[in-house]
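To keep things clear, I will list the structure first and then write my remarks on it.
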Amino acid sequence: SRMKILVTGSNGFIGKNLINKLQDEHEIIKNEWGMSFPSIKNLDWVIHLGAISSTTETNISKIYRQNLEFSIKLYEECIANNVKFQFASSASVYGLKSDFKETSPLNPQNHYSRSKAMFERYVELRNAPITTQLFRYFNVYGPQEEHKGNQASPYTQFKQQAKSSRVIKIFKGSEKYKRDFIHVEQITEYHKRFLELKESGVWNMGTGTAKSFYDVANEIADEYGARIEYIEMPQILKGNYQEFTRADTTKLWKTLAI
């Protein structure tokens with residue numbers, strides 16, 4: 001059935017992909033991130049993707065104003081108007097070591113992931129009557145993220161390097177750094193399927209498999225005839241660089257009966 005859906009962060013990487021996915025079946029209202037506060041009268045859903053997503057952003061008050069205060073205000077409007085709510089959270093809320101189950105303790109390491117964890121906690125304590133779905137994205141990659149520069153996924157960064165210089169630069173030790181990489185197409189498919197559900201809660205959005213940066217670089221090097229060059233990891237990343245992420249997808253697959 002045709003629904004009226006507001007998407008915040010509509011000009012972002014996941015926003016653009018999601019709108020492409022939904023616009024044929026549903027009426028989509030776009031809200032570019034950082035623009036005026038959206039009206040949510042007569043909506044069926046708000047899909048709140050908009051956020052300052054840079055993990056290295058240093059303006060702390062800006063992060064909490066945009067990622068936490070804006071989210072709370074938007075959520076409260078949804079509650080007041082009986083509008084269902086989907087929220088893009090992040091696997092970074094788990095911290096450096098975890099078994100990545102939705103019930104695992106959270107240990108966010110930077111202000112970006114703290115702002116996500118705090119909003120999740122707000123939702124939990126608020127215990128509102130509206131359908132509220134929180135999605136912890138793992139490492140999302142795919143088309144439309146080229147503009148993100150060094151915040152883009154390794155897939156996109158490595159492809160750009162391979163195309164422009166035929167050399168892919170990876171950190172020494174990249175064999176041992178593994179991530180759960182999920183294609184944006186899969187993310188948008190999950191969002192779409194969850195729109196049909198009344199269930200509230202928190203779900204991981206990953207593939208359930210982990211792949212090393214080295215494997216990704218190799219794949220792309222083969223594809224573009226590029227070579228791999230090792231570089232030192234910058235000091236700023238040492239010590240708080242996740243070695244391993246892999247979504248526990250038990251709950252996700254059970255909910256969607258995959």
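Structure data summary
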quantity	calculated
Among (1) of a type outside the set (Ser, Thr, Tyr); (2) open to solvent by 20 Å² or more (accessible area, probe 1.4 Å); (3) within 30 Å of residue 218 (Cα to Cα), the one test that residue 152 misses	(2)
Cross-chain or 6+ apart pairs with Cβ under 6 Å, the stretch 205-232 first and under 18 Å from residue 244 (Cα atoms) and at pLDDT 95 or above, then among the aliphatic types (A, V, I, L, M) and open to solvent by less than 30 Å² (accessible area, probe 1.4 Å)	205/187; 206/182; 206/247; 207/182; 208/247; 213/170; 217/168; 217/170
Residue within the stretch 41-49 that is open to solvent by 30 Å² or more (accessible area, probe 1.4 Å) and either over 30 Å from residue 250 (Cβ atoms) or within 16 Å of the chain's Cα centre (by Cα) (or both) present	yes
Contacts under 9 angstrom Cβ, first residue in the stretch 70-91 being more than 19 Å from residue 112 (Cβ to Cβ), partner of a type in the set (Val, Ile, Thr) and part of a helix (DSSP H, G or I), 6 or more apart	85/79; 85/123
Output for the stretch 55-72, where each listed residue is small (Gly, Ala, Ser), under 21 Å from residue 135 (Cβ atoms) and open to solvent by 30 Å² or more (accessible area, probe 1.4 Å)	none
Residue, farthest from residue 193 (Cα to Cα), within the stretch 92-115, restricted to residues that are assigned to a helix (DSSP H, G or I) and open to solvent by 10 Å² or more (accessible area, probe 1.4 Å)	111
The stretch 233-258 - residue that is in contact (Cβ under 8 Å) with a residue 40 or more places away in the chain and of a type in the set (D, E, K, R) and, of those, least open to solvent (accessible area, probe 1.4 Å)	248
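The values are calculated or read from the model by the stated rules, or taken from the named source; none is laboratory data. Since this is a predicted model, take the numbers as computed values, not measurements. Methodologically, a virtual Cβ is constructed for each residue, glycine included, from the backbone with ideal geometry; neighbour enumeration extends over all protein chains shown. Each accessible area value is taken on the protein alone, full model and side chains, heavy atoms only, with ligands, DNA and RNA left out. Shrake-Rupley method; radii C 1.70, N 1.55, O 1.52, S 1.80 Å.
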